[in-house]
Amino acid sequence: MNRRSWLQSFGMGLGGIAVAELLAREAGAAGPAGLALPEGSKGGVLDAFHVVPRAKRVIYLFQSGGPSQLDLFDHKPLLKERDGEQLPESVRGGQRLTGMSGNQSSIPLAASPYEFAQRGESGAWVSELLPHTAKVADRLCFVKTMHTESINHGPGVTFMQSGSQIPGRPSIGAWLDYGLGNPQDDLPSFVVLVTKNKSGQPLMSHLWGAGFLPSKHQAVRFRSGADPVLYINNPPGVSTESRRKLLDGLRQLHEHQFAEIPDAEITARIDNYEMAFRMQASVPAVTDFSDEPASVLDLYGPDASAPGTFAANCLLARRLAERGVRFIQLYHQDWDHHGNLKAGITREAKETDRASAALVQDLAARGMLDDTLVVWGGEFGRTNYCQGLYKPGNDFGRDHHPRCFTIWMAGGGVKPGTTWGETCEYGYNIVRDGVHVHDFHATMLHLLGIDHERLTYKFQGRRYRLTDVHGKVVQGILA
């Protein structure tokens, strides 16, 4: 070894150890006594929870494209009274519009063509489009005052998934894996499921990526078909024993490389290879629904037996949650209805309503809802006015609307049978109790036992966190 190599090895070795130790101390400062992580959790930087956790896991049913809150949850009778009239400038307040409706000479209000009713003892307003969701309304917390800065899909979806409109930041699940580690050995702690054969805005892998965190924290995507996880099965002629020997040899080479250059990506590569090997047995078991009783399959609907459908993904999410997967992200596209709203939203509601409600019911029946946080919602809402020409009674479209939109949450320490926040009578602005994207993320982390201001990672000279430099916990929706 020459002098330069020795200095590099010595300096980077000690420096890497010191930096890793300091970062772990910063991120994982112990919380109150008695909040130790569950036995078996490994790979995370936290030594203990910051606050008492209410949820052990999250199932996030992301509805990509921006579902229309005015046709699903936010009932506005005034729009029927003023259907076809111009949106008052006093209501719009000079808000910028997208290029799709910003140049319209007319901005006519458009009433929802669907009937609403108050559901359950809570009296939550739910549209006729969602009859199954209506039946579980008393288990849900409707947040009607979500708002965001994003007015277009790419930045909007990225913001909801990573706390930044610009790609490159870690996603929610990556932050959780970095902080809390993986509670079990045979499956990743962060899994993504995407409904098959859907159109709409594209979904990029950065939405579930690790950003500047080590790559081992990114999600594993499960697909429909013979190989739910790509590249984990042995090729023809390669036995499990020979694959094990190959990985052992590869591990030795990586450890030798790490001794020379202590790069976190080298250890991440080792961890990923080992997880892939263990998933050769665990993935077929979790994706095989043959042990599910007919009553459960019927609960989720006829699509539950078709791999890759939203219903099948909801059932798979419950099976993953049972096996200790901490963050399960479902993506369902095609909620972007600039035209032909009636046909589009009716189709998407039919594809998602039954399975979404079934997931809540199924978790409750198994005693898992109390410690599983279920979230349903998109990246923004839709306008109360029509995009393009409008004639009452005709099919029409709605543009993007970031000022207010609705999501619902269930279980995991959230107050059931609650409607949080209020929008104006036009459904255009927030009247009280707004919830920003950063507030939503702060609340989610809080329910999982994490103080969003204390889970940080130093990158390029700055400490980053999921909520950037913003965010507050929405105490009013906590049970």
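Numerical summary
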item	result
Some residue of the stretch 229-243 being in a loop (DSSP other than H, G, I, E, B), surrounded by fewer than 15 Cβ atoms within 10 Å (Cβ to Cβ), out of contact with any Leu (no Cβ under 7 Å at 6 or more places or on another chain) and touching a residue at least 40 places away in the same chain (Cβ under 8 Å)	yes
Selection from the stretch 245-264 of residues that are in contact (Cβ under 8 Å) with a residue 24 or more places away in the chain, assigned to a helix (DSSP H, G or I) and surrounded by 14 or more Cβ atoms within 10 Å (Cβ to Cβ)	247, 260, 264
Unique residue being buried (at least 16 other Cβ atoms within 10 Å of the Cβ) and either out of contact with any helix residue (DSSP H, G or I) (no Cβ under 7 Å at 6 or more places or on another chain) or under 18 Å from residue 61 (Cα atoms) (or both) when the list is 224, 205	224
Total residues in the stretch 118-170, condition surrounded by 18 or more Cβ atoms within 10 Å (Cβ to Cβ), touching a residue at least 24 places away in the same chain (Cβ under 8 Å) and not in a loop (DSSP other than H, G, I, E, B)	25
Residue that is of a type outside the set (Val, Ile, Thr), without any contact (Cβ under 8 Å) to a residue 24 or more places away in the chain and either closer than 30 Å to residue 479 by Cα or assigned to a loop (DSSP other than H, G, I, E, B) (or both), where the choices are 367, 339	367
Single match in 304, 321, 357 (criterion: in a helix (DSSP H, G or I), buried (at least 23 other Cβ atoms within 10 Å of the Cβ) and without any contact (Cβ under 8 Å) to a residue 60 or more places away in the chain)	304
Some residue of the stretch 46-59 being over 17 Å from residue 387 (Cα atoms), of a type in the set (Asp, Glu) and surrounded by 15 or more Cβ atoms within 10 Å (Cβ to Cβ)	yes
Some residue of the stretch 331-343 being closer than 30 Å to residue 391 by Cα and among the polar types (S, T, N, Q)	yes
Residue count, the stretch 338-354 (criterion: among the hydrophobic types (A, V, I, L, M, F, W, C), under 26 Å from residue 104 (Cβ atoms) and crowded, with 20+ Cβ neighbours inside 10 Å)	2
Looking only at the stretch 456-479, and only at residues there that are of a type in the set (Val, Ile, Thr) and touching a residue at least 12 places away in the same chain (Cβ under 8 Å), the one that is surrounded by the most Cβ atoms within 10 Å (Cβ to Cβ)	474
Residue within the stretch 113-126 that is within 30 Å of residue 149 (Cβ to Cβ) and among the polar types (S, T, N, Q) present	no
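The numbers here are math on the coordinates, done by the rules we state, and not lab data. On a predicted model such as this, the values are computed, not experimentally measured, just so you know. Glycine also receives a Cβ, built like all others from the backbone with ideal geometry; neighbour counts cover every protein chain displayed.
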